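The values are calculated or read from the model by the stated rules, or taken from the named source; none is laboratory data. Model, not experiment: these values are computed from the prediction. Positions of Cβ are backbone-derived with ideal geometry, glycine not excepted, and every protein chain shown enters the neighbour counts. Just the protein is used for accessible areas: all its heavy atoms, side chains included, with ligands, DNA and RNA removed. Shrake-Rupley method; radii C 1.70, N 1.55, O 1.52, S 1.80 Å.
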Amino acid sequence: MKILALLFPLLMYHSCFSSEYTEEQPEIINNRNNCDSTNIATSLVDEFYNWYIHQIYKTGNSSDYQNAPFKELAPDKYGLDIETYKQKLDKIHYFSEGYKSALISKNLKCSIAMMNSNHEFNPFEEMFHLGEDNHICNILWYDNWLGGQGENINGYKISDVYKVDSTSYSIHVHILLDDEVFSTADVTVEFQSENAKISNIDLNF
(Lines give C-alpha, C1' and ligand atoms only; values in the text may rest on other atoms or scores of the structure.)
Protein backbone atom coordinates (compact mmCIF):
# COMPACT_ATOMS: atom_id res chain seq x y z
CA MET A 1 0.00 0.00 0.00
CA LYS A 2 1.37 3.36 -0.98
CA ILE A 3 2.31 5.56 1.94
CA LEU A 4 1.37 9.17 1.42
CA ALA A 5 3.50 11.83 3.09
CA LEU A 6 1.54 14.69 4.56
CA LEU A 7 2.90 17.88 3.03
CA PHE A 8 2.22 20.49 5.67
CA PRO A 9 4.42 22.27 8.22
CA LEU A 10 4.42 20.20 11.39
CA LEU A 11 4.64 23.26 13.57
CA MET A 12 1.24 24.37 12.33
CA TYR A 13 -0.79 21.42 13.59
CA HIS A 14 -3.39 22.19 16.22
CA SER A 15 -3.16 20.01 19.32
CA CYS A 16 -6.36 18.39 20.50
CA PHE A 17 -4.81 17.63 23.89
CA SER A 18 -3.69 19.46 27.00
CA SER A 19 -0.12 20.78 26.70
CA GLU A 20 0.49 21.38 30.42
CA TYR A 21 2.94 19.19 32.32
CA THR A 22 1.32 17.15 35.05
CA GLU A 23 2.32 14.27 37.26
CA GLU A 24 -0.50 12.28 35.69
CA GLN A 25 -1.01 11.59 32.01
CA PRO A 26 -3.20 14.32 30.47
CA GLU A 27 -6.77 13.41 29.65
CA ILE A 28 -7.01 12.38 26.02
CA ILE A 29 -9.73 13.98 23.89
CA ASN A 30 -9.26 12.14 20.63
CA ASN A 31 -12.61 11.55 19.04
CA ARG A 32 -12.48 12.40 15.34
CA ASN A 33 -15.56 14.61 15.75
CA ASN A 34 -13.40 17.10 17.64
CA CYS A 35 -10.55 17.54 15.16
CA ASP A 36 -9.11 15.82 12.11
CA SER A 37 -7.26 12.50 12.19
CA THR A 38 -3.84 13.91 11.34
CA ASN A 39 -3.92 16.38 14.22
CA ILE A 40 -5.19 13.72 16.61
CA ALA A 41 -2.47 11.21 15.68
CA THR A 42 0.29 13.81 15.86
CA SER A 43 -0.97 15.26 19.13
CA LEU A 44 -1.22 11.80 20.70
CA VAL A 45 2.46 11.11 19.97
CA ASP A 46 3.41 14.61 21.11
CA GLU A 47 1.58 14.15 24.42
CA PHE A 48 3.09 10.70 25.00
CA TYR A 49 6.70 11.84 24.58
CA ASN A 50 6.06 15.04 26.50
CA TRP A 51 4.73 12.99 29.42
CA TYR A 52 7.25 10.16 29.22
CA ILE A 53 10.45 12.21 28.87
CA HIS A 54 9.63 14.99 31.31
CA GLN A 55 7.55 13.19 33.93
CA ILE A 56 9.02 9.68 33.82
CA TYR A 57 12.47 9.42 32.19
CA LYS A 58 13.98 12.63 33.57
CA THR A 59 12.71 11.86 37.06
CA GLY A 60 14.43 8.46 37.07
CA ASN A 61 11.23 6.40 37.00
CA SER A 62 11.45 4.90 33.51
CA SER A 63 12.25 1.40 34.78
CA ASP A 64 8.77 1.27 36.32
CA TYR A 65 7.25 1.30 32.83
CA GLN A 66 9.93 -0.13 30.54
CA ASN A 67 10.04 -3.77 31.58
CA ALA A 68 8.87 -6.17 34.25
CA PRO A 69 10.96 -6.04 37.45
CA PHE A 70 13.17 -8.96 38.43
CA LYS A 71 11.66 -11.49 40.79
CA GLU A 72 12.88 -14.68 42.44
CA LEU A 73 10.32 -17.18 41.15
CA ALA A 74 11.91 -20.30 42.67
CA PRO A 75 14.89 -20.91 44.96
CA ASP A 76 17.90 -19.35 43.17
CA LYS A 77 15.82 -19.04 39.99
CA TYR A 78 15.03 -15.56 38.73
CA GLY A 79 12.61 -14.24 36.18
CA LEU A 80 10.38 -11.22 35.67
CA ASP A 81 7.31 -10.11 37.61
CA ILE A 82 4.86 -10.10 34.72
CA GLU A 83 1.77 -9.29 36.80
CA THR A 84 3.33 -6.12 38.20
CA TYR A 85 4.34 -5.11 34.67
CA LYS A 86 0.78 -5.62 33.40
CA GLN A 87 -0.50 -3.29 36.10
CA LYS A 88 1.99 -0.60 35.08
CA LEU A 89 1.17 -0.88 31.38
CA ASP A 90 -2.55 -0.64 32.13
CA LYS A 91 -1.88 2.88 33.41
CA ILE A 92 -0.50 4.02 30.04
CA HIS A 93 -3.64 5.07 28.19
CA TYR A 94 -1.68 6.19 25.11
CA PHE A 95 -1.07 2.53 24.10
CA SER A 96 -3.41 0.14 22.33
CA GLU A 97 -4.26 -3.15 24.00
CA GLY A 98 -2.47 -4.95 21.18
CA TYR A 99 0.76 -3.04 21.81
CA LYS A 100 0.54 -3.71 25.54
CA SER A 101 0.10 -7.43 24.80
CA ALA A 102 3.16 -7.39 22.51
CA LEU A 103 5.28 -5.78 25.24
CA ILE A 104 4.05 -8.30 27.81
CA SER A 105 4.84 -11.16 25.41
CA LYS A 106 8.45 -9.98 24.98
CA ASN A 107 8.89 -9.78 28.74
CA LEU A 108 7.33 -13.20 29.25
CA LYS A 109 9.72 -14.79 26.72
CA CYS A 110 12.66 -13.19 28.53
CA SER A 111 11.38 -14.41 31.90
CA ILE A 112 11.04 -17.98 30.58
CA ALA A 113 14.59 -17.83 29.15
CA MET A 114 15.90 -16.66 32.51
CA MET A 115 14.12 -19.45 34.37
CA ASN A 116 15.32 -22.11 31.90
CA SER A 117 18.91 -20.93 31.89
CA ASN A 118 21.64 -23.22 33.22
CA HIS A 119 23.73 -20.17 34.08
CA GLU A 120 23.79 -19.12 37.71
CA PHE A 121 23.11 -15.44 38.28
CA ASN A 122 21.40 -12.96 40.56
CA PRO A 123 19.99 -10.08 38.48
CA PHE A 124 19.58 -7.95 41.59
CA GLU A 125 23.36 -7.92 42.01
CA GLU A 126 24.83 -8.16 38.51
CA MET A 127 24.19 -8.17 34.79
CA PHE A 128 23.69 -11.67 33.45
CA HIS A 129 24.26 -13.62 30.25
CA LEU A 130 21.99 -16.40 29.00
CA GLY A 131 24.30 -17.84 26.39
CA GLU A 132 22.61 -18.38 23.01
CA ASP A 133 19.29 -17.12 24.44
CA ASN A 134 20.75 -13.81 25.61
CA HIS A 135 19.19 -11.86 22.71
CA ILE A 136 15.71 -12.68 24.03
CA CYS A 137 16.35 -10.33 26.95
CA ASN A 138 17.84 -7.44 24.95
CA ILE A 139 14.73 -5.44 25.86
CA LEU A 140 16.10 -5.10 29.39
CA TRP A 141 19.23 -3.16 28.51
CA TYR A 142 17.92 0.02 26.91
CA ASP A 143 14.90 2.28 26.90
CA ASN A 144 12.55 0.80 24.32
CA TRP A 145 10.88 4.13 23.48
CA LEU A 146 13.94 6.41 23.54
CA GLY A 147 16.95 4.15 23.06
CA GLY A 148 18.86 5.48 26.04
CA GLN A 149 20.59 3.84 28.96
CA GLY A 150 20.32 6.75 31.35
CA GLU A 151 21.81 9.42 29.07
CA ASN A 152 20.73 13.04 29.35
CA ILE A 153 17.87 12.78 26.88
CA ASN A 154 16.25 16.17 27.17
CA GLY A 155 13.64 16.42 24.48
CA TYR A 156 12.13 15.28 21.19
CA LYS A 157 10.99 16.66 17.86
CA ILE A 158 8.32 15.30 15.53
CA SER A 159 9.99 15.27 12.13
CA ASP A 160 7.63 13.53 9.68
CA VAL A 161 4.04 12.36 9.56
CA TYR A 162 2.86 9.76 7.03
CA LYS A 163 -0.65 8.54 6.42
CA VAL A 164 -0.38 4.78 5.91
CA ASP A 165 -4.06 4.14 5.25
CA SER A 166 -7.48 5.36 6.37
CA THR A 167 -6.94 4.19 9.95
CA SER A 168 -3.21 4.44 10.65
CA TYR A 169 -0.29 6.87 10.64
CA SER A 170 3.48 6.53 10.88
CA ILE A 171 5.05 9.38 12.85
CA HIS A 172 8.81 9.87 13.08
CA VAL A 173 10.14 11.37 16.29
CA HIS A 174 13.73 12.55 16.76
CA ILE A 175 14.88 11.80 20.32
CA LEU A 176 17.28 14.51 21.46
CA LEU A 177 20.42 14.06 23.57
CA ASP A 178 21.80 17.45 24.59
CA ASP A 179 19.65 18.91 21.80
CA GLU A 180 21.22 16.65 19.13
CA VAL A 181 19.44 13.74 17.43
CA PHE A 182 20.25 10.58 19.40
CA SER A 183 17.73 8.16 17.88
CA THR A 184 14.56 8.18 15.79
CA ALA A 185 11.34 6.53 16.88
CA ASP A 186 8.93 5.30 14.22
CA VAL A 187 5.60 5.46 16.03
CA THR A 188 2.53 3.79 14.58
CA VAL A 189 -0.83 5.30 15.52
CA GLU A 190 -4.05 3.47 14.74
CA PHE A 191 -7.65 4.56 15.07
CA GLN A 192 -9.78 2.02 16.88
CA SER A 193 -13.49 2.76 17.33
CA GLU A 194 -12.82 6.41 16.51
CA ASN A 195 -10.07 6.70 19.16
CA ALA A 196 -6.35 6.94 18.40
CA LYS A 197 -3.82 4.73 20.17
CA ILE A 198 -0.09 4.05 19.76
CA SER A 199 0.17 0.50 18.41
CA ASN A 200 3.95 0.18 17.97
CA ILE A 201 7.27 1.99 18.50
CA ASP A 202 10.40 1.03 16.53
CA LEU A 203 13.76 2.66 17.19
CA ASN A 204 16.46 3.54 14.65
CA PHE A 205 19.93 4.82 15.42
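Remarks
- Surrounding net charge for ASN122, when Lys and Arg each add one and Asp and Glu each subtract one, Cβ distance under 14 Å: -3
- Judged by the gyration tensor of its Cα atoms, with axes a ≥ b ≥ c, region 57-103 is oblate; a/c meets the 1.5 cut and b/c is at least as large as a/b.
- Portion, in percent, of the accessible area of region 138-205 that falls on carbon or sulfur, probe 1.4 Å: 41 percent
- Accessible heavy-atom area order of GLU72, GLU190, highest first, probe of 1.4 Å: GLU72, GLU190
- Prolate/oblate/rounded label for region 128-205 (Cα gyration tensor, a/c 1.5): oblate
- Taking a Cβ cut-off of under 11 Å around LEU203, the surrounding Lys, Arg, Asp and Glu residues balance to a net charge of -3, with basic ones at +1 and acidic ones at -1.
- Within straight-line reach of LYS71, meaning a Cα separation under 28 Å, sit the following lysines at least 8 residues removed in sequence or on another chain: LYS58, LYS86, LYS88, LYS91, LYS100, LYS106, LYS109.
- Solvent-accessible area per residue for region 52-205 (1.4 angstrom probe, square angstrom): 51 Å²
- Surrounding net charge for GLY150, when Lys and Arg each add one and Asp and Glu each subtract one, Cβ distance under 12 Å: -1
- Charge dipole (Cα centre; +1 on Lys/Arg Cβ, -1 on Asp/Glu Cβ; no other charges) of region 55-205 amounts to roughly 440 debye.
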